Amino acid sequence: IYPGVSLSSFSAAMIAALVLGLLNTLLRPILVLLTLPVTVLTLGLFLFVINALMFYFAASMLRGFNVTGFGAALIGSLLYSLCGLVIDAAMERLFSRR
């Protein structure tokens, strides 16, 4: 979808999603807490930087998942978040109780 982010295979994509999920679960809350004053000062926009850092860190840990720079990590993390939002909304509509 974006040329600055590349995956070598479907299995690399699945492993990247797993690593991103683990990083967002374990490391992101600590970073959000440590950078709370900056996040409040920027009215929450610094959270985009934290998401991009998680994306970039996951790419540096994995073989087959490449990000060309911080800008690519920022756009990639935004696209990743948007895809997650769409999937979450679809699953909620699919499995909602009426």
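The values are calculated or read from the model by the stated rules, or taken from the named source; none is laboratory data. Small disclaimer: the values here were computed from a predicted structure and weren't measured. In this analysis, Cβ positions are derived from the backbone assuming ideal geometry, glycine residues included, and neighbour counts consider all displayed protein chains. Side chains included, ligands, DNA and RNA excluded: accessible areas come from the protein's heavy atoms. Shrake-Rupley method; radii C 1.70, N 1.55, O 1.52, S 1.80 Å.
Assorted remarks:
- Note that the chain presents 72 Å² accessible area per residue, ligands and nucleic acids not counted, probe 1.4 Å.
- Carbon plus sulfur fraction of accessible area for the chain, probe 1.4 Å, in percent: 73
- If the chain linking residue 82 and residue 47 were pulled fully straight, counting 0.36 nm for each residue of separation and taking away their Cα-Cα distance, it would gain 11.1 nm.
- Where only DSSP H runs of four or more residues are counted, the chain gives -23500 deg cm²/dmol as its mean residue ellipticity at 222 nm, each run worth -39500 (n - 2.57).
- Backbone N atoms of segment 69-98 closer than 12 Å to the 7 Å Cα→Cβ label point of residue 1 belong to residues 75-88.
- Gyration tensor over the Cα atoms of segment 28-98: the corresponding equivalent ellipsoid has semi-axes (square roots of 5 times the eigenvalues, largest first) of 25, 20, 11 Å.
- Counted as membrane-span-like here are DSSP H helices of the chain whose alpha-carbon atoms extend 30 Å or more along the helix's own axis and whose Kyte-Doolittle mean is 0.0 or above; these are 70-94.
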